[in-house]
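J.: Here it is, the structure, as structure tokens.
The values are calculated or read from the model by the stated rules, or taken from the named source; none is laboratory data. A quick note: this is a predicted structure, and the numbers were derived from the prediction, not measured. Cβ coordinates were reconstructed from backbone atoms using ideal geometry, including for glycine residues, and neighbour counts include every protein chain displayed. Accessible surface is based on the protein model in full, side chains and every heavy atom, while ligands, DNA and RNA are left aside. Shrake-Rupley method; radii C 1.70, N 1.55, O 1.52, S 1.80 Å.
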Amino acid sequence: MKFAENSNQSAEYLRQAIPLMVKYNIPPNPLNYALWYTYVSNKLPSLNTQMDQTLETYGTCPTLLGEQMFREHVISDEVAESEQAQNQLIALTQNLQEHAHTAAEHTTSFGVILEDSLAELSEPVNNGAELESIITRLAENTASISQTTNNFQEKIAAAQAEIASLKEELQRTRQDARVDALTGLFNRRVFDAELEQIAGSKSHKVTTLVMIDIDHFKQFNDNYGHLMGDKVLQYFGKVLKETCKEPALPVRYGGEEFAVLMIGQSAKEAAELAEGLRSKIQAIRIKQKKSGKVISSITASFGISQRTENESAEQTIERADKALYRAKENGRNRVEIAD
């Protein structure tokens with residue numbers, strides 16, 4: 001999106017945007033300034049509609065949704081151009097790699113031809129001084145070309161390695177550092193930031209936290225190995241993704257711990273969702289490839305806390321943790337709601 005306001009109009013938009021950011025507890029960073037500047041300018045009705053719906057749902061604009069709206073509305077053209085340029089660069093490196101391989105083959109063949117020619121000319125044809133001089137020069141040039149060929153091949157090999165490294169780096173930059181690589185869920189850093197922002201909003205929205213812990217996971221890893229443990233975590237993440245739809249935010253909290261941040265849902269509603277998750281997890285069946293043995297002893301415990309008014313994010317987490325601990329104390333594979 002292009003901005004063409006004069007300095008007075010720009011200052012007016014900022015004067016309108018900043019109080020709104022304070023009201024809704026929006027982190028003061030350049031991305032959010034641009035987002036809310038665009039919002040108060042009313043130039044993108046689709047952005048304003050989505051923002052109003054978000055504020056109604058969350059009482060704030062969570063960081064993840066703000067970044068999504070920024071990409072979709074404010075810099076949609078720039079994002080498309082960037083992705084196109086990145087794809088072109090990958091295609092270029094692939095093409096260069098193919099040409100480099102072809103060039104290496106050609107230079108190798110050329111070196112072989114020169115060496116064969118040298119062998120033929122080195123055979124005694126006559127004893128003339130002129131022929132001997134030609135042979136000597138040809139021998140010197142051939143040796144030089146062979147050395148150049150070897151050097152060129154080494155450079156091509158190094159270039160190919162660098163190209164491969166560049167391609168891997170480009171692919172890595174596409175991955176979000178906030179996403180847990182194993183499960184595909186957002187990580188704890190995202191969870192903490194979102195909960196902190198919602199808790200700091202002046203508009204109190206019903207917010208419920210579900211803390212989840214896979215029962216006896218260390219023992220499971222010891223018995224079946226970490227590869228099997230990773231399969232369980234991956235499946236767990238898949239179940240959470242499929243079950244917890246927006247505005248719920250499922251995350252991998254750490255290790256075998258997971259959490260779900262639920263906006264607009266009471267503790268009772270969260271308990272119903274948790275019971276559904278508990279049943280699905282209990283029904284997990286994983287077969288070992290080598291032995292063919294089916295593993296069916298996977299369960300999870302749940303602790304739930306509904307945030308009270310003026311309660312901090314840390315206090316909400318602490319109460320959910322206590323409820324989770326109580327679920328474990330009472331036999332595991334159960335759901336407990338905080339007092």
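J.: Being outside any loop (DSSP other than H, G, I, E, B) and open to solvent by 20 Å² or more (accessible area, probe 1.4 Å) is true for just one of LYS289, LYS241, LYS245. Which residue is that?
T.: Working: LYS289 fails: outside any loop (DSSP other than H, G, I, E, B); LYS245 fails: outside any loop (DSSP other than H, G, I, E, B).
So the residue among LYS289, LYS241, LYS245 that is outside any loop (DSSP other than H, G, I, E, B) and open to solvent by 20 Å² or more (accessible area, probe 1.4 Å) is LYS241.
J.: A further question on this structure: Name every residue in segment 309-339 that is in contact with a strand residue (DSSP E or B) (Cβ under 8 Å, 6 or more places away or on another chain) and among the hydrophobic types (A, V, I, L, M, F, W, C), in order of residue number.
T.: ILE317, ALA320, ALA323, LEU324, ALA327, VAL335, ILE337, ALA338, listed by residue number.
J.: Among the listed residues VAL190, VAL206, VAL210, identify the single one that is touching a residue at least 12 places away in the same chain (Cβ under 8 Å), open to solvent by 50 Å² or more (accessible area, probe 1.4 Å) and aliphatic (A, V, I, L, M).
T.: Step by step, each of VAL190, VAL206, VAL210 is checked, and only VAL206 is touching a residue at least 12 places away in the same chain (Cβ under 8 Å), open to solvent by 50 Å² or more (accessible area, probe 1.4 Å) and aliphatic (A, V, I, L, M).
J.: Touching a helix residue (DSSP H, G or I) at 6+ places or on another chain (Cβ under 8 Å), assigned to a helix (DSSP H, G or I) and aliphatic (A, V, I, L, M): does that describe LEU55?
T.: No.
J.: Which one of TYR24, TYR13, TYR33, TYR37 is open to solvent by 50 Å² or more (accessible area, probe 1.4 Å) and touching a residue at least 12 places away in the same chain (Cβ under 8 Å)?
T.: After applying the criteria, what remains is TYR33.
J.: From the residues in segment 292-339 that are assigned to a loop (DSSP other than H, G, I, E, B), of a type in the set (Lys, Arg) and touching a residue at least 60 places away in the same chain (Cβ under 8 Å), which one is nearest to GLU275 (Cα to Cα)?
T.: ARG332
J.: Name the residues in segment 311-339 that are within 23 Å of LYS205 (Cβ to Cβ), crowded, with 16+ Cβ neighbours inside 10 Å and among the small types (Gly, Ala, Ser), would you?
T.: Of everything in segment 311-339, those that are within 23 Å of LYS205 (Cβ to Cβ), crowded, with 16+ Cβ neighbours inside 10 Å and among the small types (Gly, Ala, Ser) turn out to be ALA313, ALA320, ALA323, ALA338.
J.: Consider MET228 carefully, then state whether it is hydrophobic (A, V, I, L, M, F, W, C) and either modelled with pLDDT of 95 or more or in contact with a His (Cβ under 9 Å, 6 or more places away or on another chain) (or both).
T.: Working: hydrophobic (A, V, I, L, M, F, W, C): yes; either modelled with pLDDT of 95 or more or in contact with a His (Cβ under 9 Å, 6 or more places away or on another chain) (or both): no.
Spelling it out, it is not the case that MET228 is hydrophobic (A, V, I, L, M, F, W, C) and either modelled with pLDDT of 95 or more or in contact with a His (Cβ under 9 Å, 6 or more places away or on another chain) (or both).
J.: When SER297 is evaluated against the numbered criteria (1) surrounded by fewer than 16 Cβ atoms within 10 Å (Cβ to Cβ); (2) more than 23 Å from LEU240 (Cα to Cα), which criterion, by number, is the only one it fails?
T.: (2)
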